[in-house]
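Every number in this text was worked out from the coordinates using simple rules, so none of it is lab data. Keep in mind it's a predicted model, so treat the numbers as computed, not measured. Cβ atoms come from the backbone with ideal geometry, glycine included; neighbour counts cover every protein chain shown.
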Amino acid sequence: MRKKKSSESALHEVEGVKSPSSVSDNSIKQMKLKRSEQPSETVFVEKILAGDISHLSRAITLIESTNPKHKEKANAIIEHCLPFANKSVRIGITGVPGVGKSTFIEAFGKYFTQKGNKIAVFIDPSSSINKGSILGDKTRMKELVKDPNAYIRPSPSGESLGGVAQKTRETIILCEAAGFDTIIIETVGVGQSEIAVHSMVDFFLLLKLAGAGDELQGIKRGIIEMADAIVINKADRNNVKNANLAKAEFSRALHLYPPKESSWQPKVTTCNAFYNEGIDAVYEIIQEYLSLTKSNGYFEKRRNEQNKYWLLETINQQLKNNFYNKPAVKEALKKYLEDIQKLKTTPFKAAEELLKLAQK
Ligand code: GDP
């Protein structure tokens, strides 16, 4: 498993761009899959249910593959694992690079495993690229990677956010079936990925740093709205005062938002991930959230809504792909775009024609 991870991060590094193409990544994985003999679906399922990490990893690689045969096998495995999934707590963690996500997840993850939990962590592949280190994934979370009750893996990468999200959700199912009761999904707080992560987790945690009193500046409003907890990290000696000021400011800001459907009032706390301080408070906040939302029915309702959302989202995505990948549409689209510019036709007429063309 370790071997695979380092090769994945090395691949990301070689590509050296912000959103790495999954093509070379996947083709190498597929070569590996071909080389090694594939166990049957039944063996995969049995091993995964028994908590076998090596089979879990191989099944996840099948999910990430673009080879239709692998995809088919992955789907069969997922289907058999599904009745054993759904029993975990899924936590999303976001924050800008450098805020301390890996340090926090390391301390937080250890806290969970010490309590007897089994934790699966999906790290944002772009985090290791940002670090500019070929050993990015290995040097992040040094302790947690050695913990037998923790499983760390980069989130699937891919060209479209929809595709990545689908693979991540399928991966969650397999991890839950393998007995992981706590799932953590890290996302770098840029772009749209946090919205996708938010729609697949039960609890969303925003990590922040204390600044000089202008805490709310530069934060996308949407992220604060999504947060169930804001954790001000690096509340060290010299920074404790600023961290407490930030805490007060965020708490005030959170109270200005309308009450959440969950009836949960988002909490703000400070922590010092590097020295392992304040992690227990975050843990308690999550327990409090779970106890509230499980008793008022919101937890289950939200999971159902997420399932419905992803069903529709997957269909939308597939329809779009089918449409835009049709050679006739590709060609005609170019022409219509020019025609619109030259005012030869309207966007609405052009869209109608293109949709008709796609049905032929
Ligand atoms: P990430 O990019 O969000 O994953 O951030 P890292 O976890 O890699 O942390 C970035 C830097 O901040 C590293 O040098 C960490 O050692 C440091 N760091 C993380 N948490 C704390 C903290 O609580 N206190 C202090 N002083 N430094 C921290």
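To the nearest µm²/s, what D does Stokes-Einstein give for region 241-344 at 20 °C and 1.002 mPa s, using the Kirkwood radius over alpha carbon pairs as Rh? Present the calculation step by step, with values, prior to reporting the outcome.
On the way: Rh = 18.8 Å.
Taking Rh from Cα pairs, D becomes 114 µm²/s.
Pairs exceeding a 30 Å alpha-carbon distance, out of K47/K87; K146/K234; K87/K320; K69/K356; K71/K118: K87/K320; K69/K356. Net charge in the neighbourhood of S262 (other residues with Cβ under 13 Å of its Cβ; Lys, Arg +1, Asp, Glu -1) is -1. Computed from label points 7 Å out along Cα-Cβ, the spacing between A328 and S160 is 2.1 nm.
Diffusion of region 295-360 by Stokes-Einstein, at 25 °C in a medium of 0.890 mPa s and with Rh set to the Kirkwood radius over alpha-carbon pairs, works out to 171 µm²/s.
Give me the Å³ per residue figure for the convex hull around the C-alpha atoms of region 143-192. List each step's numbers first, then the result.
Details: hull volume 4.4 nm³, N = 50.
In region 143-192, the Cα convex hull volume per residue is 89 Å³.
Amide H contacts for A210 (H built 1.01 Å from N in the peptide plane; partners 5 or more residues away or on another chain; cut-off under 5 Å): N233. For region 41-121, the extents of the C-alpha atoms along the principal axes are 41, 29, 21 Å, listed from largest to smallest.
Go ahead and run the numbers for FRET between I340 and S295, Cβ-Cβ distance against an R0 of 51 Å, rounding to 0.05. Once the sixth-power term is evaluated, E becomes 0.40.
Return the subset of K115/K294; K208/K247; K101/K167 for which the Cα-Cα distance in this structure is over 19 Å, preserving the input order. Show your work: numbers first, answer last.
Working: K115/K294 21 Å; K208/K247 10 Å; K101/K167 22 Å.
Checking Cα-Cα distances, K115/K294; K101/K167 exceed 19 Å.
Under 18 Å from a label point 7 Å along Cα→Cβ of D181: give me every residue in region 97-120 with its amide N that close. Answer for region 97-120: 108-120. Protection proxy ranking, highest mean first, for peptides 297-310, 169-182, 270-283: 169-182, 270-283, 297-310, where packing is the per-residue count of other beta-carbon atoms within 10 Å, averaged.
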